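Reading through the structure tokens given below for one structure.
The values are calculated or read from the model by the stated rules, or taken from the named source; none is laboratory data. Being a predicted model, the structure only gives us computed values, none of them experimental. Neighbour counts are summed over all protein chains in view; Cβ atoms, including those assigned to glycine, are modelled from backbone coordinates with ideal geometry.
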Amino acid sequence: MALVKTSMGRRMFIQSSALAGGGLVLGFNWLASCKREPEVVGLQMPKEWYEINAYLKIGDNGVVTIMSPNPEIGQNVKTSMPMIVAEELDVDWNNVIVEQAPLKTEAFTWQVAGGSQSIRNGWEPLRMAGATAREMLKAAAAQAWQVPVTEITAAAGMLKHEASGKSAGYGEMASAAVNIPVPEEVVLKEPKDYKIIGTSRKNVDGKKIVTGQPLYGLDYRQEGMLIAMPVHPPAFGMKLKSYDATDAKAMPGIKDVFTINLYNENFPRGAFDHSVFDELVIVLGNTTWEVMQAKKALKIEWEKAGDVAVDMQFFGNPTTVKHPSGLESSSAHKEQMEQLNSRPGKVVRKDGNPEAAFRNAAKVIERTYSCPFLAHNTMEPMNFFANVTADKAELVGPIQTPEWTEPAAAARLGMPLEKVDIMMTRMGGGFGRRLYGHFVVEAAAISQKVGAPVKLVYTREDDMSQGTYRPTYLATYRAALDENNNLTAFHVKAGGIPESPLFANRFPAGSVDNYLAEDWTIDSNISTGAFRAPRSNFIAGAEQAFLDEVAEAMGKDPIDLRLELLDRAKNNPVGEDNDYEADRYAGVLKLVKEKSGWGQEQGNVHRGVSAYFCHNSYVAQVLDLVMESGQPKVERVCCAIDCGIVINPDAATNLAEGGIVDGIGHAMFSELTFADGVVQQQNFDKYRLIRHSEAPKNIDVHFVDNGIDPTGLGEPPFPPIMGALANALYKATGTRYYDQPFMGNKQQRVIG
Amino acid sequence: MATYTLNINGKEMQVEVDPSTPMLWVLREHLQLVGTKYGCGIAQCGACTIHLNGVAVRSCQLPVSAVGSQEVTSIEGLSENGDHPVQKAWLEVDVPQCGYCQAGQIMSAAALLKNNPNPGDAEIEGAMSGNICRCGTYVRIKKAIKLASQSSAS
Ligand code: FES
Ligand code: FES
């Protein structure tokens with residue numbers, strides 16, 4: 001039994017017995033604005049209900065509403081987070097309604113979709129919310145029946161007192177429970193007693209999704225709402241000089257054309273307060289189509305921008321981000337990166353004497369890997385609704401960081417934080433793009449300027465050419481072997497524009513006596529940011545492809561080599577700050593070895609293996625390729641994951657499948673290139689994303705069952721698959737693939 | 001601006017719009033049927049897929065002036081209660097991640113199964129190739145299409 005103090009979670013318990021009654025709707029209500037929403041027949045809260053704490057309300061008939069605190073980007077938190085509350089509350093899941101919680105940082109912890117942290121950070125507060133409510137219901141029953149609370153049991157929404165034979169539903173005790181003091185300590189369930197956690201539950205928004213009901217920011221509307229669309233410089237390194245909107249303003253449905261500036265000059269920017277372009281021309285009109293047409297009629301002169309330096313606070317660390325002037329091109333980037341990579345980098349970690357080991361090596365293997373910029377391309381382009389009046393700002397839409405974006409919007413509007421409110425919609429994808437809330441600030445600034453409710457909408461072209469891209473990276477790996485083919489030294493030098501992908505303390509650091517990790521960076525005026533598993537999304541594939549070559553040179557099975565290195569890291573680690581647990585790392589490799597039937601491959605199947613640790617979770621994958629009419633086809637991916645306790649296994653499997661498909665797609669096909677600052681791929685005719693026929697035929701996902709507190713899952717299955725793919729491609733074709741996208745950008749047009 | 005009387009999901013609906021306006025925006029903004037999604041606007045992603053006389057078309061490329069009295073079906077009208085075999089299969093397989101592409105995927109799949117009740121892998125891939133899922137739910141989509149194909153056959 002885990003007895004846990006509730007004090008650290010106290011702030012979530014805003015108890016209020018006055019909150020009984022159906023008049024107050026805490027979640028926001030689409031029906032108010034969307035008349036045509038078809039009725040979903042299902043569970044409904046009764047007229048009388050009681051808010052036990054910020055996470056849950058109980059109706060007098062026992063129906064429970066659980067608030068899902070975090071932004072939903074497709075990672076399934078809207079289902080799996082309430083499952084955790086329901087588990088400890090001990091209620092029948094069929095009696096639960098889930099609502100998106102409001103942004104309420106005083107009540108909820110970490111209302112952010114990022115870093116694969118939602119479940120990990122929510123694990124304790126969510127269980128506590130359910131468990132304390134359960135205890136309060138028990139106490140209410142004890143009072144009502146005049147029996148000791150220790151004799152009351154609670155299960156599946158029912159309270160029972162065995163000796164007297166008394167029983168009551170949670171709904172009957174809810175009104176009394178709100179007056180019970182929040183317990184100082186609660187007993188949390190043992191994993192073996194879980195009835196909801198670890199069982200597969202369907203997506204709570206499933207029915208709404210398949211029937212096309214309004215769920216997303218782009219679907220949101222209010223009466224009198226206008227549409228705003230931005231026009232940004234055609235190239236990075238350019239800015240607005242002047243514009244003539246005479247023709248555009250005369251077009252049907254157009255209300256106005258003006259410019260806005262993004263952040264106030266003295267605003268202390270946080271890590272996600274990026275601006276892609278600081279000044280935008282805004283076209284405002286009645287409908288999206290009309291505004292799209294008017295954008296084309298604008299006459300705008302652009303000019304070259306100068307050097308820019310932005311002071312930002314990266315979680316307390318002041319940093320100056322430099323954007324040098326100039327019009328950058330991918331061809332020049334490549335040269336710059338190769339040049340810098342040929343010089344000594346900044347030493348980040350050094351163990352033993354790598355220089356001597358390389359000098360004395362019988363054999364040195366050296367390989368260089370690269371990847372291009374990528375655009376996030378969430379299916380739902382950037383958009384946000386804002387209605388800013390003199391005394392409040394109502395902001396609604398898709399944002400991964402509502403709690404960090406609100407202050408930026410408040411500062412831009414010159415309003416106190418408590419007058420600014422962000423409501424979260426389901427998001428048509430995130431992948432890191434929606435960590436950067438500049439579009440929220442833009443929408444707010446536009447609404448304030450025009451004094452009307454406004455929805456800011458980016459076209460796909462705006463979205464793709466005004467991104468916070470995955471940086472381009474380059475890495476060179478070297479391995480030294482002695483005459484007996486033992487690995488004696490390992491060297492990685494990596495860099496990128498504008499950041500380095502290096503994680504110096506990750507595997508194989510700690511498993512090789514002589515180790516050197518160096519990095520370098522190149523400043524750029526192209527805006528970049530976090531993209532699903534930042535940095536790992538390149539370095540994992542590079543490292544895992546390199547290890548495959550090292551194993552081959554050593555004459556070893558690639559899984560065996562990794563296991564030997566991990567054994568060394570466990571029993572006799574080199575250095576101190578090794579950033580992984582060797583046992584859990586080896587665990588997923590052993591599991592994937594077993595589940596994939598490694599070593600039994602035959603016939604025309606070509607296999608590659610890869611394993612990686614990031615976002616607190618371990619993943620190993622085996623990818624099977626066949627060649628069909630000269631084209632590689634992924635037949636199967638076998639994936640082993642250690643992310644601790646899995647809340648919703650089928651949904652977790654879905655997320656892992658998605659990460660695998662995403663990784664194969666980006667490694668094979670996707671790239672974003674620049675010519676004189678201009679993004680060369682601005683829509684899906686030029687930017688290749690993976691499509692149906694290119695996805696693996698089968699994916700099987702296996703979770704390590706170890707009862708450890710849950711860690712991340714949104715990101716970890718994504719990076720390693722690129723290595724498994726490269727290694728299988730080598731087996732299939734005899735060619736090693738070093739530069740992503742492996743299939744080049746063939747710009748195949750798939751006729752829709 | 002012109003006035004059009006359209007036949008949408010079995011109902012007559014009137015809109016006053018510019019003749020060039022794509023059905024995507026007519027549905028979304030003039031009729032507030034927002035299940036049909038905008039993804040690219042150039043017939044490359046399939047998020048906007050609707051049925052025109054039962055055939056899957058990209059509504060971002062279909063000007064309202066070209067529709068006339070033809071039958072338009074959007075995701076909202078695919079079935080009365082969300083119980084089209086494809087929708088049921090989607091729920092059974094729990095296909096969606098973010099869900100944004102799924103209305104378009106479902107409309108493409110429903111049109112495929114109408115013409116070809118028992119499609120093979122290559123036929124599914126061919127019919128669905130115009131629908132991008134950025135979240136990568138392709139494996140489940142295929143599974144759901146096969147399930148729908150079986151359940152409508154039985
Ligand atoms: S929006 Fe029509 S195909 Fe993409
Ligand atoms: S489910 Fe997100 S794009 Fe398909």
Q: Six or more apart or on different chains, Cβ under 8 Å: which pairs go from a residue in region B:35-61 that's closer than 18 Å to A:Arg460 by Cα and modelled with pLDDT of 95 or more to one that's assigned to a strand (DSSP E or B) and hydrophobic (A, V, I, L, M, F, W, C)? Could you list them?
A: B:Thr36/B:Ile50; B:Thr49/B:Ala56; B:Thr49/B:Val57; B:Ser59/B:Ile50
**Q.** Flag if A:Tyr263 is out of contact with any Gly (no Cβ under 6 Å at 6 or more places or on another chain) and either under 22 Å from B:Val34 (Cβ atoms) or without any contact (Cβ under 8 Å) to a residue 60 or more places away in the chain (or both)
**A.** no
(Q) Whether any residue in region A:225-238 is more than 26 Å from A:Gly430 (Cα to Cα), in contact (Cβ under 8 Å) with a residue 12 or more places away in the chain and outside any loop (DSSP other than H, G, I, E, B) is what I want to check. (A) yes
Q) within 19 Å of A:Ala726 (Cβ to Cβ), assigned by TED's automatic domain parsing to the domain that holds A:Phe703 and surrounded by fewer than 21 Cβ atoms within 10 Å (Cβ to Cβ): does that describe A:Lys556? A) yes
Q) Are any residues in region A:650-679 assigned to a helix (DSSP H, G or I), of a type in the set (Asp, Glu) and in contact with a Phe, Trp or Tyr (Cβ under 9 Å, 6 or more places away or on another chain), and if so, which ones? A) A:Glu657, A:Asp662
Q: Could you list, in sequence order, all residues of region A:695-719 that are without any contact (Cβ under 8 Å) to a residue 60 or more places away in the chain and closer than 24 Å to A:Glu635 by Cα?
A: none
(Q) Can you tell me which condition B:Cys60 does not meet? The list is (1) in a helix (DSSP H, G or I); (2) facing chain A (nearest Cβ under 9 Å); (3) within 16 Å of ligand 1 (Cβ to nearest atom), and all the others hold. (A) (2)
(Q) Please return the ranges of strands (runs of 3 or more DSSP E) entirely within region A:325-437 where 3 or more residues are under 30 Å from A:Asn266 (Cβ atoms) and not β-branched (Val, Ile, Thr). (A) A:383-388, A:393-397, A:420-424
Q. In region A:364-417, what residues are among the hydroxyl-bearing types (Ser, Thr, Tyr), away from ligand 2 (no atom under 16 Å from the Cβ) and closer than 18 Å to A:Val276 by Cβ?
A. A:Thr401, A:Thr405
Q. Yes or no: B:Met13 out of contact with any Ser or Thr (no Cβ under 8 Å at 6 or more places or on another chain), more than 16 Å from ligand 2 (Cβ to nearest atom) and over 20 Å from A:Tyr458 (Cβ atoms)?
A. no
Q: Just give me the residues in region B:34-56 being surrounded by 21 or more Cβ atoms within 10 Å (Cβ to Cβ) and either more than 15 Å from ligand 1 (Cβ to nearest atom) or not in a loop (DSSP other than H, G, I, E, B) (or both), in sequence order.
A: B:Thr49, B:Ile50, B:His51, B:Ala56
Q) Quick one: is B:Tyr4 touching a Cys at 6+ places or on another chain (Cβ under 7 Å), aromatic (Phe, Trp, Tyr) and at pLDDT 95 or above? A) no
Q: Output the qualifying pairs, or none if there are none: Cβ atoms under 8 angstrom, residues six or more apart or on different chains, first residue in region A:653-677 and farther than 21 Å from A:Gly744 by Cα, second residue within 16 Å of ligand 1 (Cβ to nearest atom).
A: A:Gly658/B:Cys135
Q. Which one is farthest from the chain's Cα centre (by Cα) among residues in region A:585-626 that are surrounded by fewer than 18 Cβ atoms within 10 Å (Cβ to Cβ) and in contact (Cβ under 8 Å) with a residue 60 or more places away in the chain?
A. A:Val626
**Q.** strands (runs of 3 or more DSSP E) contained entirely in region A:41-153, each with at least 1 residues that are closer than 26 Å to A:Gly659 by Cβ and assigned by TED's automatic domain parsing to the domain that holds A:Ile180
**A.** A:64-68, A:96-100
**Q.** Exclusive hit being within 15 Å of ligand 1 (Cβ to nearest atom), of a type in the set (A, V, I, L, M) and farther than 20 Å from A:Val637 by Cβ, set B:Ala127, B:Ala109
**A.** B:Ala127
Q. Of the residues in region A:200-217, how many are under 23 Å from the mean Cα position of the chain (by Cα) and either more than 7 Å from chain B (Cβ to nearest Cβ) or assigned to a loop (DSSP other than H, G, I, E, B) (or both)?
A. 10
Q | Matching entry among B:Gln87, B:Gln70 (being closer than 13 Å to B:Ala110 by Cα, away from ligand 1 (no atom under 16 Å from the Cβ) and among the polar types (S, T, N, Q)) | A | B:Gln87
Q. When the residues of region B:92-106 are filtered to those that are farther than 20 Å from B:Gly41 by Cβ and more than 7 Å from chain A (Cβ to nearest Cβ), which remaining residue is nearest to ligand 1 (Cβ to nearest atom)?
A. B:Val95
(Q) Can you pull out every residue in region A:481-501 that is farther than 17 Å from A:Glu366 by Cα and not acidic (Asp, Glu)? (A) A:Asn484, A:Gly496, A:Ile497, A:Pro498, A:Ser500, A:Pro501
Q.
Restricting to region B:33-50, count the residues that are more than 16 Å from ligand 2 (Cβ to nearest atom) and more than 8 Å from chain A (Cβ to nearest Cβ).
A. 1
Q) What residue, of B:Asn53, B:Asn131, B:Asn81, B:Asn116, is within 16 Å of ligand 2 (Cβ to nearest atom) and of a type in the set (S, T, N, Q)? A) B:Asn131
Q) In region A:680-721, which residue that is assigned to a helix (DSSP H, G or I) and away from every other protein chain (no Cβ under 14 Å) is surrounded by the fewest Cβ atoms within 10 Å (Cβ to Cβ)? A) A:Pro719
